[in-house]
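Working notes for the structure below.
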Amino acid sequence: MGLKEELEAIKQKGISSIAETTDIKNLNDIRVKLLGKKGPITQSLRGIAKLSVEERPVVGSFANKIRDELATAISEKQAKLEAEKLNRKLAEETIDVTLPGNQVPAGHPHIIQETIDEIESIFMGMGYQVLTGPEVEEEYYNFEMMNLPKNHPARDMQDTFYITKEILMRTHTSPMQARTLEKHDFSKGPLKMISPGVVFRRDTDDPTHSHQFHQVEGIVIDKHITMADLKGTLEVMTHKLFGDKFKVRLRPSYFPFTEPSVEADITCMNCNGKGCDVCKGSGWIEVLGAGMVHPNVLKMAGVDAEEYGGFAFGVGPDRFAMLKYGVNDIRDFYLNDLRFLKQFD
Ligand code: FA5
């Protein structure tokens, strides 16, 4: 057999083994075997020396052509096998979009937070700014600036967690009245502010009392503000929160930082006003304290009490949430029992 025929036979054999293989690894072995240094083409070219000078370049370029053809056949086959492999993989991994998805449990804001958010949006709609203040507060702002000097008997109304003699856990959000009054520039307009937050008292826990609860303070100071403005504002708030579902009553009360002072009660949600354990037999739940800001509070904060005056209130959103969602024990809000919380999803 001449060298050319030998090369042609190598090519045919190579082409058919490339065609037969179905495996990329095996194809690679074929490449090494056919085209490598020890492969049949290189081996047969050893015989080129025996050829005439004219024949050598002809057979040499024929050998190169065969090598190129085999290399092309191998890479084409490789591309084909890889495409097949990819298609197989894609077919195996097809996603069945009709299968039901995995439910990811999602949380939601606590209902007290939702109640606070609702109160905030009611007051923002009436042009109030929303500010927050420190929970660890100075005795000076919590009491002194609220017209409760040292040894004032009304300090006992709010049993206090003291950290030092001068630092305490705030017992109400009212210190935010003093803090904002001090800073407010009345030449730029009236003060209308609410301040939500957590407060702390050494109260004994019961269905309507917790030692840690929330308040939303409110204050409006301008010229010519009257008690009727306070009443109207509280009516708007309760109406927007509860609709006509509950009755609201205002009764005279006492706070050292307001004069006159009132408290507002709402029909007990548990007994609908008949009297039960939750409302201690009264048929009413107290939800807020309010009044006309005492001139001493204004004066201490550097505000001209002759010219300016207004009202303030402190509402208990925990009690609102009890009424709104029919919860008859405030402690349920703080136990974080998922069975309780999930009811409000
Ligand atoms: C005050 O704390 C006054 N600072 C409110 C105020 C502000 C009056 C501005 C005048 C002007 P009182 O202690 O009554 O007031 O609390 C106000 C509201 O907080 C109550 O009406 C009630 O809704 C809620 N509250 C009071 N104590 C508790 C408690 N232990 N647990 C849950 N809510 C409470």
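The values are calculated or read from the model by the stated rules, or taken from the named source; none is laboratory data. Note that this is a predicted model, so its numbers are computed, not measured. Please note: Cβ atoms are built from the backbone with ideal geometry, for glycine as well, and neighbour counts cover all protein chains shown. Note: accessible area is taken over every heavy atom of the protein model, side chains too, but ligands, DNA and RNA are not part of it. Shrake-Rupley method; radii C 1.70, N 1.55, O 1.52, S 1.80 Å.
For residue 344, the solvent-accessible surface with a 1.4 Å probe is about 40 Å², rounded to the nearest 10. Each peptide among 220-228, 296-304 gets the average number of other Cβ atoms lying within 10 Å of its residues, and from highest to lowest they stand as 296-304, 220-228.
For the range 205-253, divide the Cα radius of gyration by the Kirkwood radius and give the resulting Rg/Rh value with two decimals. With Rh from the inverse mean 1/r over Cα pairs, Rg/Rh is 1.04.
Of the listed residues 99, 191, the order by accessible area with a 1.4 Å probe, largest first, is 99, 191.
So for the range 109-201, considering every pair of alpha-carbon atoms, how many percent are separated by more than 18 Å? So the portion of pairs separated by more than 18 Å is 52 percent. For the Cα trace of the range 1-92, dividing Rg by the Kirkwood Rh returns an Rg/Rh value of 1.11. Applying D = kT/(6 pi eta Rh) to the chain, where Rh is the Kirkwood radius over alpha-carbon pairs, T corresponds to 10 °C and eta to 1.306 mPa s, the Stokes-Einstein value obtained is 59 µm²/s. Across the range 253-345 the C-alpha pair distances fall into 5 Å bins from zero in the proportions 3, 13, 17, 15, 13, 12, 9, 8, 7, 3, 1 percent.
Spin-label model, residue 4 to residue 135: label points 7 Å out along the Cα-to-beta-carbon direction sit 9.6 nm apart. Based on DSSP H segments of at least four residues, each scored -39500 (n - 2.57), the chain has a per-residue ellipticity at 222 nm of -12500 deg cm²/dmol.
Mean separation of Cα pairs under 8 Å and 6 or more residues apart, divided by the residue count, gives the chain a relative contact order of 14 percent. Of the residues 120, 84, the one with the largest accessible area comes first in the ranking 84, 120, computed with a 1.4 Å probe on protein heavy atoms. Please give the Cα centre distance for the range 272-345 versus the range 58-75, rounded to the nearest Å. Each part's Cα centre sits 93 Å from the other's.
Charge dipole of the range 111-344 (Cα centre as origin; +1 on each Lys and Arg Cβ, -1 on each Asp and Glu Cβ, all else neutral): 440 debye, rounded to the nearest 20.
The ellipsoid that matches the Cα gyration tensor of the range 167-292 has semi-axes, each √(5λ) in whole angstrom, of 28, 20, 12, with the longest given first.
The slack in the chain from residue 48 to residue 29, taken as 0.36 nm per residue of separation less the alpha-carbon distance, amounts to 4.2 nm. Taking the average, over residues, of other Cβ atoms within 10 Å as the packing measure, peptides 86-98, 236-248 rank 236-248, 86-98 from highest down. Global size of the range 62-103: 19.6, 67 Å for Rg and Dmax (C-alpha atoms, Rg to one decimal, Dmax whole). Note on residue 222/residue 286: beta-carbon distance plugged into 1/(1 + (r/R0)^6) with R0 of 35 Å gives a FRET efficiency of 0.80.
Under the simplified labelling scheme, the residue 185-residue 94 pair shows an inter-label distance of 7.1 nm, with each label point 7 Å from Cα along Cα→Cβ. Computed from phi, the 3J(HN,Hα) profile of the range 288-294 under the Karplus parametrisation 6.51, -1.76, 1.60 (θ = phi - 60°) reads 7, x, 7, x, 8, 4, 5 Hz, with x in place of Gly and Pro.
Each Lys and Arg contributes +1 and each Asp and Glu -1, all at the Cβ; summed about the Cα centre of the range 19-135, the dipole is approximately 1900 debye. Taking every Cα-Cα distance in the range 23-159 and sorting them into 10 Å bins starting at zero, the pair-distance distribution P(r) comes out as 8, 15, 13, 9, 7, 6, 7, 9, 9, 8, 6, 3, 1 percent.
For residue 283, the residues whose amide H sits under 5 Å from its own are 275, 276, ignoring neighbours fewer than 5 places away on the same chain, with H placed 1.01 Å from N. Taken one residue at a time, the phi angles of the range 248-256 give Karplus couplings (6.51, -1.76, 1.60, θ = phi - 60°) of 10, 10, 9, 9, x, 8, 9, 9, x Hz. Gly and Pro are set to x.
Think of a 1.4 Å ball rolled over the protein heavy atoms: the chain then has 56 Å² of accessible area per residue.
Per atom type, the range 3-92 shows carbon and sulfur on 56% of its accessible surface, probed at 1.4 Å. Put simply, the amide H of residue 225, placed in the peptide plane, has neighbours under 5 Å in 309, leaving out anything fewer than 5 places away on its chain.
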